[in-house]
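*Asks:* Quick one: this structure, given as structure tokens, is what I'll be asking you about.
The values are calculated or read from the model by the stated rules, or taken from the named source; none is laboratory data. Keep in mind the model is a prediction, meaning the values are calculated, not measured. Backbone-built Cβ (ideal geometry, glycine too); neighbour counts: all protein chains shown.
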């Protein structure tokens, strides 16, 4: 692993550049809004737990755990029964999630919180149910689940992340990369953005295994859609060049402190509007030294 494991690029220096790392989520953050990347990666500002994101984590855990059972036992009923237990495991690991259903606070009664929790668990179970209409787990034997992958490009940039599921065809050795999404499928004009993460993983797997994945598959449980794409070597070389250019942009922003907001359709769900210039806010003082400048570290995006 390189000298940076959280997405902060090192300062420029003469000679070979030390390895640095980038994940699909952090790459997407920067492409969506450079200021969001800064607030998450450099300032590390806290974000409130989200019911939707937490539900996604629980559903992913259920779909991973279901394959522990023999094929004939991978039923919708069994999967649905796993939901409460996976929520309890997640809550034990991340106690801050208790604030999603606080119960005894002044704003909400324990009965009301319990009702909301029950409805939320049911919504997670409904997403699990929908998965059974899209794939048949009794006919699947994943080669890997929640697979951590990492590779280093020639420039020293390390790419890393977790693949939800990797299927390997017994007869041909073809790879299928599968990712579960608990939201709805994007409109066609946003399909490229949705596939970026999958192409990222395909690039890493190609470098690790010497084989271009045969198929990339996004399973949208929120809408019941399956989006597939068959990548080529040319596709993945293009992705590598894009990631290198993206990293250079991150490096430049890190050195100059120039992290400009990029208002868009997802701003309504952002936790950082209070410190975003697009909403009248001011980012916190910039915590890193600025290269080639004498200003103090109070520079803002």
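*Asks:* Residue 184: in contact with a strand residue (DSSP E or B) (Cβ under 9 Å, 6 or more places away or on another chain), exposed (fewer than 13 other Cβ atoms within 10 Å of the Cβ) and either in a strand (DSSP E or B) or modelled with pLDDT of 95 or more (or both), yes or no?
*Replies:* Yes: the conditions hold for residue 184.
*Asks:* Return the residues of the stretch 201-223 that are within 20 Å of the chain's Cα centre (by Cα) and either in a strand (DSSP E or B) or surrounded by fewer than 20 Cβ atoms within 10 Å (Cβ to Cβ) (or both); say none if nothing qualifies.
*Replies:* 215, 216, 217, 218, 219, 220, 222, 223
Residues are listed down the side, and each one gets a yes or a no for (1) closer than 24 Å to residue 180 by Cα; (2) at pLDDT below 95; (3) out of contact with any strand residue (DSSP E or B) (no Cβ under 7 Å at 6 or more places or on another chain):
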position	(1), (2), (3)
215	yes, no, no
219	yes, no, no
225	yes, no, yes
256	no, yes, yes
264	no, yes, yes
269	yes, yes, yes
272	no, no, yes
278	no, no, yes
